[in-house]
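Below: the structure, in structure tokens.
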There are 2 protein chains.
Amino acid sequence: MTIPMIWWIAPLSAVISLVCAWLFFHQVKRKNPGNARMQEIAGYVREGSFAYLKQQYKGVGIFFVFAFIIFNIMAWGLKLLDPLIPFAFLTGGFFSGLAGFIGMNTATMASSRTAQGCSKSLNEGLNIAFRAGGVMGLVVVGLALIDISAWFYILNVFHYPLEKIVVIMLSFGMGASTQALFARLGGGIYTKAADVGADLVGKVEAGIPEDDPRNPAAIADNVGDNVGDVAGMGADLYESYAGSILATAALGMAAFSQINLDASWEINFVTAPMVLAGIGAFLSIIGIFLVKTKENATTKDLMFALNKSVYGSSVLIAIAAYFVSKSMLPAEYSFGIFLSSVTGLIAGILIGYTTEIYTSYSFSHTKKIAEQGSFGPATVILEGIAVGMRSTAAPIIIIALAVLGAYSFSGGFKLPEMGLYGIGFGAVGMLATLGVTLAMDSFGPIADNAGGNAEMSNLPKEVRVKTDALDSVGNTTAATGKGFAIGSAALTAMALLAAYLEEVRNALLLMGHKVIDIQYTASLTETVEVTKISITQFMAMYKVNLMNPRFLIGLFIGAMVTFVFSSLTIKAVGRAAGKMVEEVRRQFREIPGIMEGKGKPDYKECVRISTVGAQQEMLIPALIGIITPIVTGIILGVAGVMGILAGALSSGIVLAIMMNNSGGAWDNAKKYVETGANGGKGSDVHKATVVGDTVGDPFKDTAGPCINILIKLMSMVSIVFAGLIVAYSPSIQKIYTGIDDAKIIENTSSVNMQETVIPEQ
Amino acid sequence: MTIPMIWWIAPLSAVISLVCAWLFFHQVKRKNPGNARMQEIAGYVREGSFAYLKQQYKGVGIFFVFAFIIFNIMAWGLKLLDPLIPFAFLTGGFFSGLAGFIGMNTATMASSRTAQGCSKSLNEGLNIAFRAGGVMGLVVVGLALIDISAWFYILNVFHYPLEKIVVIMLSFGMGASTQALFARLGGGIYTKAADVGADLVGKVEAGIPEDDPRNPAAIADNVGDNVGDVAGMGADLYESYAGSILATAALGMAAFSQINLDASWEINFVTAPMVLAGIGAFLSIIGIFLVKTKENATTKDLMFALNKSVYGSSVLIAIAAYFVSKSMLPAEYSFGIFLSSVTGLIAGILIGYTTEIYTSYSFSHTKKIAEQGSFGPATVILEGIAVGMRSTAAPIIIIALAVLGAYSFSGGFKLPEMGLYGIGFGAVGMLATLGVTLAMDSFGPIADNAGGNAEMSNLPKEVRVKTDALDSVGNTTAATGKGFAIGSAALTAMALLAAYLEEVRNALLLMGHKVIDIQYTASLTETVEVTKISITQFMAMYKVNLMNPRFLIGLFIGAMVTFVFSSLTIKAVGRAAGKMVEEVRRQFREIPGIMEGKGKPDYKECVRISTVGAQQEMLIPALIGIITPIVTGIILGVAGVMGILAGALSSGIVLAIMMNNSGGAWDNAKKYVETGANGGKGSDVHKATVVGDTVGDPFKDTAGPCINILIKLMSMVSIVFAGLIVAYSPSIQKIYTGIDDAKIIENTSSVNMQETVIPEQ
């Protein structure tokens, strides 16, 4: 298969992105790192961050080795996986981890420099922080595209058929999503344990301000921002980004197989999403360069500069989508696919905007939460939960319209495969400019850390004011980023649902089936080549419909898993925070002169406690995400798997939006009171909103974001284990129904392989 | 069609139930109503309760008139409904309302008598309260069965064909569920507004004890127990009970149509669930009589007596199910259907048991919430939410196993229609002994009211101790009742999903279609008689599968609606409570001598405020439940409707379990602290758990229970509006896709009526 010339945009952009990231990195590195004290503090944070990453990667590494062995058994022993899949899995995880490492390396280096920059001007601070964020954005995009391009090119060189290539590559998404879940979970638990520990003992009990160097948990708190918000967020979006491109490529394959077109078009269907992503990467670089303001910029100027960058690159990617689809896809579909991409893009921006409405204290929802503080903490909690629940309406309706739009524009009502390809393109369009949106997301925590550094180094108060201004700008732009994260998770997960069927097809082929009988009703059978089974036929074959109890049960279990998972993460934060609280109390009690600033607090021990706590606590929730689809799949078959994925997706997205927005609204209600509203800092209302904020922390920084990844991880696990389930589920079904195979064939979804395979002519 | 003799068990049991209810009522009435003060207090509560009911029924009446007119337009103008359906709708609502009225009449009469009884002995108190609860249980069961039997008999007399009868009767479920939603919502808002108002101002601000006669909201609080826990719960279960019987009858029809059996079996398939329910009603009476203890019974003895009653009638109904299915259904299916019924029954009991584990302070989960109180309210909230979320696992797995069991036992893997009939029987089996389980549920609030009466009448403390003991026994048995409510809601809603298809079939017939083309794939079409379309064929015809974006979007919207609905109910409680707080504060301020017990508080004004508040606030959430399936249906068609129903069902049940159990656990954590644990009453830990309890109140008494009804109401609305959606949805679909009808037929779910109807031969 000849790769079209235009495809080279993808690897080329990847390389350019990485080169730019390298340049940005050195640009930041050359900046003044501040005085000795600032460097010392930054050094502690850096050290703590790397200590955490080392521990994290050790744990994840063990898991990957274990999974690698299992996958090899499945590939060589059971012959249910292509032998390259275990390696694809490894590279997916490796590059995601590498991106996290580089991003964190940059972020920790940038904090003291940003603080120093802010002592010069707001603009200088923004520049440093945003360039550092840009490193993260571009590294994620660049490494993902390099990984995808390399696999695609090499498999092509070795003459793998295209349909094999897409399924092999798809499963490196599992590596990325496993890494992402561990990063988000571990990071989320770490950052909240440190945060709660620092706040509860330091601020509340000992009465010292935030980021005070006397607080033993202060460093851990700053480390937490890096491991949670930088590395965790990066791994999350790395996974969505790679997942959306790979799923769309697989769906392109599926769509092509249902159209009567010259074979030469096939590769275009598969490579088009890569090309669009490649152009997006390039546009992201331009977007990052667009962020420039005059020397005496106000926060309003900054907001304008940042918005210009996001909207500018969004407009450019829309134009690019037009030309990519026009030049790569058949005339009949190109305009539709263009519209699908734009639909996704617009949805991402709109979701971000609704997030802003429900969580920013410029709007009434958050203000009302603060007002409820006059009745005490209970009403603050109730109002916050109600706001979070209500805030699910707008994003879900936007997602629904985007799905309907992307599906129908691309012609899904004529050919479902094209519709799903369109949904995939919606996700790719939304994530194409990830380089710049992730830069936006990352600079907030960098600014936050810079503020911590300024505080602990006793820099003049005006520096802290400027880092706080940067932080608050970062929070606003982060809302857009969250919109993209949620929207893309939903669309990518849908595309993965469809891509799952491609893996089922591949599993059937691996098992040696070339032709299969599909039983529509007792009297209606159709014989179909496995390579030609359409999505509609798959639905009939495995009865993935609502009246199949296995599907229906799957829906329930999927919905339930997201709640149980959230519960486990919330409790994990609680336990880890409890240990931190004890340690901080112990240090205050046992280290002489600590409160007078003479005794040196043992920062390292706090870092260690958060690290160990996060590592211990993340295992069980992660395992639930991995084991549920496998066990349910074996018991309930393909229909059951699709049921749990759909249940987890629909409930999970809604629950995640609720938790994110409740948490965000509580946080900002507290900040609003701290601006002096409703009695201001120290009042009873303030205390009530602090309770809300504490409840909201694990909602918005641990459970909420992790659900997004859980959904995608479950899809990825299903994809990798598709062969196992296709091969072994029916027999178990026989055990529990006690019905002969022959009857099962006649009346249920399962396909009896021995009976229905028609020998090759 | 000749009605089998055995069917007469249903109306006969209904009459016996009502007679027994009448006897119990007079038994209670004859008891000593206590001294003048006790009667005065009871009089206030009675008056307030009826004032509320009157207002409630006025509002609901207007709604019913409005709906009645719309349904008549749909029936006579658009010819999309059978003309009898509006009347069926009215009777469903009327009998549900009547049951609520009678139940409340009894409950309000019983409170002072129970208090008086408790001053004699615990056993006497139990007897009165339990008999009064029995009235509620038997009236609900009796009226539902009378309504069902009367319609069934009369339609038969007028020679309506059986397939018409089942669809007409099904739609009186909408009357019942509309009434139920208003009752639960209004009652839930009322009771929590009064409760919060009484607690926040009376207990916290003024420092007077609970149920103090000086508290102006004390009467409203007691009224609330009646309108929320007695009338609301009764309407809820009336609806589940009637819904499960009617849906199962419709599924019996559907199952029969797919089997080659002599036509004489048909009526047996339809009447079997009624017969089983009839026997269950009779057994409930026996169960109620089983509750007897010795004169000096301890609470342990009481628990034993009550459990004996529930488990005894459960064993008996299992035996009855065996004989009913053996004598009424073909030998091939009878044992399977028996097993399906028993599966449902066992599931109900097990779910109740898990509820107990997560919410009772005899177990560790609730104790841990209390322990978290030492870190303040935030950790109490987080722990409670985590417990609630985690508690969803066991009931969902039980429901999943019950569905799988009921489906496969009844032969669903051979014939899906039989499997769904089996699921329906699971629900009927679970609810057959509703008479006794509802009696258990109702006696708790009666005991609670008796306690209030004792307190306000200044009876000796030992009386209050006994009413509290009764109340606590009631809370424990109520857990079992909740298990049945949740389990039956899930199973009934599933049965309704399938029954919905029968209404779609009926709509097609009403529109004059006799034969229809089903397009499986582009090249595969089957022509089917409308009366013979199987469930599997319906799934293919309307593409109710996961890869249809309309279904997938429906899942999202359904999940979202349950969250938005919860948000609205929580906020409604907050607003209504806010008004009550102001009023109580005003009375304390303005009525001279009120705190010294000289000035008489204006109880009526508080009752009025709660009543008006509840009425105003219940409208929007109720409308959301009604409008969502209609609007989504018109835009997204049948697949979209089934999507939202499935989304609301799966997410909603999980969310409802979480809210119920979080709320219950917080409540009991507070009570646990009040027993002296973790610092006891008045400690900081206690204050923290009070915050939890306040947050939990609208969770467990308003939002949680209302979600159950919302799910069923949405199904019922879809059923009644099936004709509208089948007739008008495709054209709108054309508008938004812009695709010619011909192409839509070829590739999508919709059926072009003009083209595909083959004229009668």
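The values are calculated or read from the model by the stated rules, or taken from the named source; none is laboratory data. Note that the structure is a prediction, hence the values are computed from the model and not measured. Cβ coordinates were reconstructed from backbone atoms using ideal geometry, including for glycine residues, and neighbour counts include every protein chain displayed. To get the accessible areas, we keep the full protein, side chains included, count just its heavy atoms, and leave off ligands, DNA and RNA. Shrake-Rupley method; radii C 1.70, N 1.55, O 1.52, S 1.80 Å.
Can you tell me which of A:G426, A:G435, A:G451 is within 30 Å of A:P273 (Cβ to Cβ), in contact (Cβ under 8 Å) with a residue 40 or more places away in the chain and either more than 14 Å from chain B (Cβ to nearest Cβ) or open to solvent by 10 Å² or more (accessible area, probe 1.4 Å) (or both)?
Answer to the check: A:G435.
Out of all the residues in the range A:47-65, is one or more hydroxyl-bearing (S, T, Y) and over 23 Å from the mean Cα position of the chain (by Cα)?
no
Quick check on this structure: which one of B:V691, B:V685, B:V654, B:V641 is in contact (Cβ under 8 Å) with a residue 24 or more places away in the chain, within 13 Å of chain A (Cβ to nearest Cβ) and open to solvent by 10 Å² or more (accessible area, probe 1.4 Å)?
Just a single option satisfies the conditions, and that option is B:V691.
Which one of these is modelled with pLDDT of 90 or more, open to solvent by 20 Å² or more (accessible area, probe 1.4 Å), more than 13 Å from chain A (Cβ to nearest Cβ) and within 21 Å of B:A250 (Cβ to Cβ): B:Y333, B:Y322?
Step by step, each of B:Y333, B:Y322 is checked, and only B:Y333 is modelled with pLDDT of 90 or more, open to solvent by 20 Å² or more (accessible area, probe 1.4 Å), more than 13 Å from chain A (Cβ to nearest Cβ) and within 21 Å of B:A250 (Cβ to Cβ).
Quick one: in the range A:511-540, of everything that is without any contact (Cβ under 8 Å) to a residue 12 or more places away in the chain and closer than 21 Å to B:Y542 by Cβ, which residue is nearest to the other protein chains (Cβ to nearest Cβ)?
Filtering first and then ranking leaves A:M539.
Out of A:E356, A:E371, A:E383, I need the residue that is at the interface with chain B (Cβ under 10 Å from one of its Cβ atoms), assigned to a helix (DSSP H, G or I) and open to solvent by 10 Å² or more (accessible area, probe 1.4 Å). Which one?
The unique qualifying residue is A:E383.
Select, from A:T531, A:T525, the only residue that is outside any helix (DSSP H, G or I) and either surrounded by 24 or more Cβ atoms within 10 Å (Cβ to Cβ) or polar (S, T, N, Q) (or both).
Exactly one of A:T531, A:T525 is outside any helix (DSSP H, G or I) and either surrounded by 24 or more Cβ atoms within 10 Å (Cβ to Cβ) or polar (S, T, N, Q) (or both), namely A:T525.
Can you name the number of the only condition in (1) at pLDDT 95 or above; (2) open to solvent by less than 30 Å² (accessible area, probe 1.4 Å) that B:G412 fails?
(1)
Out of all the residues in the range A:585-599, which are open to solvent by less than 50 Å² (accessible area, probe 1.4 Å) and either in a helix (DSSP H, G or I) or under 18 Å from A:E47 (Cα atoms) (or both)?
Once the filter is applied, which keeps residues that are open to solvent by less than 50 Å² (accessible area, probe 1.4 Å) and either in a helix (DSSP H, G or I) or under 18 Å from A:E47 (Cα atoms) (or both), the range A:585-599 yields A:Q587, A:F588.
Considering (1) under 23 Å from A:N475 (Cβ atoms); (2) within 24 Å of the chain's Cα centre (by Cα), say which one A:Q372 fails and leave the rest.
The number of the failed condition is (2).
Please indicate, with yes or no, whether at least one residue in the range A:600-618 is more than 13 Å from every other protein chain (Cβ to nearest Cβ), free of Cβ contacts under 8 Å to residues at least 24 places away in the same chain and not in a helix (DSSP H, G or I).
yes
Which number in (1) among the β-branched types (V, I, T); (2) open to solvent by 10 Å² or more (accessible area, probe 1.4 Å); (3) farther than 30 Å from A:Y190 by Cα; (4) at pLDDT 90 or above marks the one condition that A:V544 misses?
Status for A:V544: all satisfied but (2).
Going through the range A:1-20 one residue at a time, which ones are open to solvent by 80 Å² or more (accessible area, probe 1.4 Å) and either within 11 Å of A:Y153 (Cα to Cα) or touching a helix residue (DSSP H, G or I) at 6+ places or on another chain (Cβ under 9 Å) (or both)?
Matches in the range A:1-20: A:M1, A:T2, A:W8, A:L12.
Test of understanding: among A:M109, A:M104, which residue is open to solvent by 10 Å² or more (accessible area, probe 1.4 Å) and under 30 Å from A:M38 (Cβ atoms)?
After ruling out the rest, the residue left standing is A:M109.
Of everything in the range B:386-397 that's of a type in the set (A, V, I, L, M, F, W, C) and either more than 7 Å from every other protein chain (Cβ to nearest Cβ) or open to solvent by 10 Å² or more (accessible area, probe 1.4 Å) (or both), which residue is farthest from B:T359 (Cα to Cα)?
B:I397
What is the residue count in the range B:359-368 for residues that are touching a residue at least 12 places away in the same chain (Cβ under 8 Å) and within 14 Å of chain A (Cβ to nearest Cβ)?
2
Do you know which of the residues in the range A:544-573 that are under 23 Å from the mean Cα position of the chain (by Cα) and not hydrophobic (A, V, I, L, M, F, W, C) is farthest from A:I711 (Cα to Cα)?
Per the stated criteria, the residue is A:K571.
State which residue is farthest from the chain's Cα centre (by Cα) when the search covers only the range B:574-599 and only residues that are under 15 Å from B:A193 (Cβ atoms) and without any contact (Cβ under 8 Å) to a residue 60 or more places away in the chain.
Across the range B:574-599, the extreme among qualifying residues is B:E582.
List the number of the failed condition for A:E582; all other conditions in (1) acidic (D, E); (2) open to solvent by 30 Å² or more (accessible area, probe 1.4 Å); (3) more than 13 Å from chain B (Cβ to nearest Cβ) hold.
Here A:E582 meets the rest and fails (3).
Please specify each residue of the range B:48-96 satisfying the condition of being over 22 Å from B:G243 (Cα atoms) and hydroxyl-bearing (S, T, Y).
B:S49, B:Y52, listed by residue number.
Among the residues of the range A:549-572, is there at least one that is in contact with an Asp or Glu (Cβ under 7 Å, 6 or more places away or on another chain) and either open to solvent by less than 10 Å² (accessible area, probe 1.4 Å) or within 8 Å of another protein chain (Cβ to nearest Cβ) (or both)?
yes
Could we say that A:I446 is among the hydrophobic types (A, V, I, L, M, F, W, C), within 14 Å of chain B (Cβ to nearest Cβ) and part of a helix (DSSP H, G or I) here?
No.
Is it the case that B:E755 is assigned to a helix (DSSP H, G or I), at pLDDT below 60 and away from every other protein chain (no Cβ under 14 Å)?
yes
Based on this model, can you work out whether B:I41 counts as open to solvent by 70 Å² or more (accessible area, probe 1.4 Å) and either among the β-branched types (V, I, T) or over 24 Å from the mean Cα position of the chain (by Cα) (or both)?
Considered against the rule, which asks whether it is open to solvent by 70 Å² or more (accessible area, probe 1.4 Å) and either among the β-branched types (V, I, T) or over 24 Å from the mean Cα position of the chain (by Cα) (or both), B:I41 comes out as no.
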